[in-house]
Amino acid sequence: MRLLPHIFSCCIFLILLSTCKNNTQVDIPDEPLEKIYRIPVVVHILHNGEETGTGPNLSKERIERQIEILNEDYRRKEGTPGYNEHPDGADARIEFVLAKTDPEGLPTNGITRTDISNVENPIENWSMNYLANYQYWNPADYLNIWLYPLDESTTDLVLGLATGPQTDLPGHELFGKGEPEYREGVFVNWIHFGESELSEVYNMGRTLTHEIGHYLGVLHPWSGGDCNENDFCSDTPAVDKPVTSCNAGTGCNGEPIMTNNFMNWTPDACMNIFTKEQVNRMHYVLENSPYRVSLLISPGLTSSN
C-alpha cells in the first residue's frame, strides 16, 4: 500500500501492508514457462460531475495507457521502463485486460463512470466498502479498481490501497482484509492513475503496479521492521525500514538495497523489478486463493457476441 492520509482510518495507513521475508516458505511447484495468467479488470471512475477527460473523470486513453503500463511491468517488457536485466528479476507472466463482458453478460469497455456528487453513501467510514457502495462487480470474476476524486492537495500523499488474498502464504495476516468483511479490490487516487504531469514523484502509473502486487500476495520488503522476517522472499535483500529513496544505501546484511523493486515506496522512475520469489507468491495465489483463481476463467475475459 502507498498512502498517507489523515482522513482515512488507521487500518489503511501506509504501514498496514508493510511485511514480507524469508525464514518460512511455502513449497510452490514448478509450472510451464509458457503459461500466462490473464486477469479481467474493471475501472470504476468516481467523479463529481466533470466531463469525461476532465479532472477525476479520466479519459479512456489514460485508463488504457495505465493497463499498458501494468503489462509492461508485470511482463518485464523490453524497451519499456518496466524492463530490468537483474539476475533475480522475473517476467511475472501476468497480463491485465479491461473486461469485455459485464456481470449481466453485456459488452463493456471495462470502465464505469459514476457521478457521486448527488449520491448519498450509507457507509459511514471511508473504506473499500464505501467505494464498493457506488460500483462493485463480482470479485470472483473481476479485479475491481476504484478511482476516487480526492483534492489535488493529496498529490504524493494519498496514493493507493489494496485488499490482500485469502492464502496460507507466510505473512498472510498482514494483508488488508477482503471478503466477506471488506469488498475486494484496489483503490488509487485518480491523480496517480496512469501517466500524468500533476505529480513529480508518482507520475508513471506505478501506484497500481504496487497495489496489485499486494492484491496478488506480495508484501513490502521491510516487513514490520524486522531484519530476520521481512517479505519471505530470499531474493529481496533484507531491510528493516521503509525504502523511499532511489539511493537508499545498504540493508540489514550490508547488501545494496533493491531500491528498484515495485514493492518499495520509491519514486516511480526507480521501479522496474519483481523478483522470482515475489512472482512465485503471485502464482501461488492465482492458483489457490478464493477470489483470485476464478479470475482466470472469468466471463469478463471474452466478448459477449
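Of all residues being buried (at least 20 other Cβ atoms within 10 Å of the Cβ) and either part of a strand (DSSP E or B) or of a type in the set (A, V, I, L, M) (or both) in region 43-59, which is nearest to the chain's Cα centre (by Cα)? Just the residue, please.
43
Return a yes/no flag: does region 92-99 have any residue that is small (Gly, Ala, Ser), at pLDDT 95 or above and under 21 Å from residue 217 (Cα atoms).
yes
Mind checking which residues of region 197-222 are in contact with a helix residue (DSSP H, G or I) (Cβ under 8 Å, 6 or more places away or on another chain) and hydroxyl-bearing (Ser, Thr, Tyr)?
199, 202, 207, 209
Please indicate, with yes or no, whether at least one residue in region 172-192 is part of a loop (DSSP other than H, G, I, E, B) and aliphatic (A, V, I, L, M).
No, the conditions are met nowhere in region 172-192.
Go through region 169-191 and report how many residues are closer than 30 Å to residue 234 by Cα, touching a helix residue (DSSP H, G or I) at 6+ places or on another chain (Cβ under 8 Å) and of a type outside the set (Gly, Ala, Ser).
Number of matching residues: 7.
What pairs can you find where one residue is in region 127-143 and closer than 17 Å to residue 294 by Cα, the other is acidic (Asp, Glu) and crowded, with 19+ Cβ neighbours inside 10 Å, and their Cβ atoms are less than 8 Å apart, with a gap of 6+ or different chains?
What qualifies is 137/102; 139/184.
I'd like the full set of residues that are hydrophobic (A, V, I, L, M, F, W, C), farther than 16 Å from residue 45 by Cα and surrounded by 24 or more Cβ atoms within 10 Å (Cβ to Cβ), limited to region 190-220.
212, 216, 218, 219
Since residue 228 meets every condition but one in (1) buried (at least 23 other Cβ atoms within 10 Å of the Cβ); (2) part of a loop (DSSP other than H, G, I, E, B), which condition does it not meet?
Against the list (1) buried (at least 23 other Cβ atoms within 10 Å of the Cβ); (2) part of a loop (DSSP other than H, G, I, E, B), residue 228 comes up short only on (1).
When you look at residue 251, is it over 30 Å from residue 58 (Cα atoms) and not aliphatic (A, V, I, L, M), yes or no?
In short, yes.
Taking the criterion of being part of a loop (DSSP other than H, G, I, E, B) and touching an Asp or Glu at 6+ places or on another chain (Cβ under 7 Å), would at least one residue in region 277-292 satisfy it?
Yes, region 277-292 has at least one match.
The values are calculated or read from the model by the stated rules, or taken from the named source; none is laboratory data. Keep in mind the model is a prediction, meaning the values are calculated, not measured. Here Cβ is always computed from backbone atoms with ideal geometry, including for glycine, and neighbour counts include all displayed protein chains.
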